[in-house]
Amino acid sequence: DAKTTQPPSMDCAEGRAANLPCNHSTISGNEYVYWYRQIHSQGPQYIIHGLKNNETNEMASLIITEDRKSSTLILPHASLRDTAVYYCIVRVGTGANNLFFGTGTRLTVIP
Amino acid sequence: GAVVSQHPSWVICKSGTSVKIECRSLDFQATTMFWYRQFPKQSLMLMATSNEGSKATYEQGVEKDKFLINHASLTLSTLTVTSAHPEDSSFYICSALAALEGNSPLHFGNGTRLTVT
């Protein structure tokens, strides 16, 4: 069962910030929020993950609401190479049987 | 960061033949590896979980005799598609866990595109 809801598609102008939302209203206290992206014909690429605090790395920032029912992935300066399908996943523990890939958001960066 | 290498990146085979796909963790040991299948314009579907030194665990609806998984070492898992048919044509992707901590991210290979003619 899908535990996250994402818009099917979004556009973003090159150089602007891309803000990708994700709803996970049934998230449990010990579940982390993960973001991956998949560029056409490649394997998924790990971006970032977090539990309840906002996180930032060299690729993106992750903003998690205080009630943890939603989050936003921010690509601060989108480039054409960021065009991909972005998956938001909630996951607990180490098993993959709960790493469920929904349909994701297809982000298109426009020149 | 953790690197997962998958080989081959693409393969074309005739119906009835078998194809082996390798998944290697290059700079870490992976006690657990996972195999996914992805059809065009669809999301990834978990096929099986592979644990080093033990039998793989298959998801419901995945034929274990058709998709043979071997995880002989901490850095290598293989998926063999036996007696392949055109409906087995798909994008196969492996992933590996670098550690057993609860929040370790999965790292994925770049996938193998299998075309059965």
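In the stretch B:99-117, which residue that is more than 10 Å from every other protein chain (Cβ to nearest Cβ) and part of a strand (DSSP E or B) is surrounded by the fewest Cβ atoms within 10 Å (Cβ to Cβ)? Per the stated criteria, the residue is B:Thr115. The single residue among B:Lys64, B:Lys55 that is closer than 30 Å to A:Ser28 by Cβ, more than 9 Å from every other protein chain (Cβ to nearest Cβ) and either at pLDDT 95 or above or part of a loop (DSSP other than H, G, I, E, B) (or both) turns out to be B:Lys55.
I'd like to check something: does the stretch B:1-20 contain any residue that is buried (at least 17 other Cβ atoms within 10 Å of the Cβ), more than 13 Å from chain A (Cβ to nearest Cβ), in contact with a strand residue (DSSP E or B) (Cβ under 6 Å, 6 or more places away or on another chain) and more than 25 Å from A:Tyr34 (Cβ to Cβ)? Within the stretch B:1-20, one or more residues are buried (at least 17 other Cβ atoms within 10 Å of the Cβ), more than 13 Å from chain A (Cβ to nearest Cβ), in contact with a strand residue (DSSP E or B) (Cβ under 6 Å, 6 or more places away or on another chain) and more than 25 Å from A:Tyr34 (Cβ to Cβ). Among the residues of this structure, B:Ala96 does not count as one that is in a loop (DSSP other than H, G, I, E, B) and buried (at least 22 other Cβ atoms within 10 Å of the Cβ). Of everything listed in (1) within 14 Å of another protein chain (Cβ to nearest Cβ); (2) over 27 Å from A:Pro8 (Cβ atoms); (3) over 15 Å from the mean Cα position of the chain (by Cα); (4) surrounded by 15 or more Cβ atoms within 10 Å (Cβ to Cβ), the single unmet condition for B:Ser50 is (3). Looking only at residues in the stretch B:67-78 that are touching a Phe, Trp or Tyr at 6+ places or on another chain (Cβ under 9 Å) and within 14 Å of chain A (Cβ to nearest Cβ), the one that is surrounded by the fewest Cβ atoms within 10 Å (Cβ to Cβ) is B:Ile69. Against the definition (out of contact with any Phe, Trp or Tyr (no Cβ under 9 Å at 6 or more places or on another chain), in a strand (DSSP E or B) and touching a residue at least 12 places away in the same chain (Cβ under 8 Å)), how does B:Ala30 come out, yes or no? Considered against the rule, which asks whether it is out of contact with any Phe, Trp or Tyr (no Cβ under 9 Å at 6 or more places or on another chain), in a strand (DSSP E or B) and touching a residue at least 12 places away in the same chain (Cβ under 8 Å), B:Ala30 comes out as no. Residues that are more than 16 Å from B:Pro86 (Cβ to Cβ) and of a type in the set (Ser, Thr, Tyr) were ranked within the stretch B:102-117; the one that is nearest to the chain's Cα centre (by Cα) is B:Thr112.
The values are calculated or read from the model by the stated rules, or taken from the named source; none is laboratory data. Small disclaimer: the values here were computed from a predicted structure and weren't measured. Here the Cβ is made from the backbone with ideal geometry for all residues, glycine too, and neighbour counts use every protein chain on show.
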